[in-house]
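Peer 1: Below is a structure I'd like to ask you about.
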Amino acid sequence: FNVADAAISVVAPLTAAKTFSPATVVRNNVTRITVTFTRTLGASLFTGLAMTDPLPAGFVIAPTPTPATTCTSGTVTATPGATSFSLSGASLGTVIGSSASCTVSVNVQAASTTGTYTNTIPVGNVTANSVAGSVANTSAATRTINVVDGVSVNKTFSPTSLIPGGTSRITIFINNPS
């Protein structure tokens, strides 16, 4: 009678990750968010891939969202001014025995207040169907984005009141926090 030990590693069949481009944006300006979905090696093919991404407080879908996806048959919903966007009806993977990934991208308008913001797709917000049943992301997909002030220009006159033909000095201040 022989005994053997083995270590096994269990991986999630469906994962999500995200990026912002640019990762630092001037307040009220537009950045592009991309979410990447990955079907891990050995997982069944996915149909009905769906996701909702709630944006950080103060962020909204840009006036020109330009939604795009590389996910087969997927529909991206991104309504200007909304506080989330979604993917529905997508398929992921065409070859069993290999991993696969696809993306969804949307333009979002940054908050009007400077600071560091965190965008999270919660556990369970990415779902799909497979021959093994329903699957969902078991880890949150999180990314931070920095919102900064843009270039500002101010000017002062000294003195501020003049008599005709008088002289005043103008000082121009240019501030670029980047």
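Peer 1: Calculated FRET efficiency, ALA140 and ARG27, Cβ-Cβ r, R0 22 Å, to nearest 0.05?
Peer 2: Details: r = 26 Å, r/R0 = 1.16.
After rounding, the FRET efficiency stands at 0.30.
Peer 1: Given a Förster distance of 45 angstrom, what is the FRET efficiency for THR34 paired with LYS155, based on the Cβ-Cβ distance and rounded to 0.05? Intermediate results must be reported in sequence, preceding the final value.
Peer 2: Details: r = 41 Å, r/R0 = 0.90.
About 0.65, to the nearest 0.05.
Peer 1: Would you kindly give the portion of the calculated P(r) for the chain that falls above 28 Å, as a percent of all Cα pairs? Walk me through the numbers before you get to the answer.
Peer 2: Numbers: 6715 of 15753 pairs.
Percent of Cα pairs beyond 28 Å in the chain: 43.
Peer 1: Tell me, what ³J(HN,Hα) does each residue in segment 56-73 have, in order and in whole Hz, if you take phi through Karplus 6.51 cos²θ - 1.76 cosθ + 1.60 with θ = phi - 60° and put x for Gly and Pro?
Peer 2: Values, residue by residue: x, 3, x, 8, 9, 5, 5, x, 10, x, 6, x, 8, 8, 9, 6, 4, 6 Hz.
Peer 1: Show me, bin by bin at 10 Å from 0, the whole-percent P(r) of segment 26-112 based on Cα pairs.
Peer 2: For segment 26-112, the pair-distance distribution reads 19, 44, 24, 12, 1.
Peer 1: Using 1/(1 + (r/R0)^6) with R0 = 35 angstrom and r between the beta carbons of SER73 and LEU41, what's the FRET efficiency to the nearest 0.05? Walk me through the intermediate numbers first.
Peer 2: Details: r = 23 Å, r/R0 = 0.64.
Efficiency at R0 = 35 Å is approximately 0.95.
Peer 1: First select every other residue whose beta carbon is under 14 angstrom from the beta carbon of TYR117; then total the charges, Lys and Arg +1, Asp and Glu -1.
Peer 2: Numbers: positive: LYS18, ARG27, ARG143; negative: ASP53.
It works out to a net charge of +2.
Peer 1: Here's another thing I want to ask about it. Give, to the nearest whole percent, the P(r) tail of segment 35-86 beyond 18 angstrom, counting all Cα pairs. Intermediate values should be presented prior to the final figure.
Peer 2: Details: 528 of 1326 pairs.
The answer is 40 percent, as a whole percent.
Peer 1: Once amide H atoms are built 1.01 Å from N in the peptide plane, which residues 5 or more positions from LYS18, or in another chain, come under 5 Å H to H?
Peer 2: It is THR36, THR142, by chain and number.
Where a number appears in this text, it was derived from the coordinates with a stated rule and is not lab data. Everything numeric here is computed off the predicted structure, so don't read it as measured data. Please note: Cβ atoms are built from the backbone with ideal geometry, for glycine as well, and neighbour counts cover all protein chains shown.
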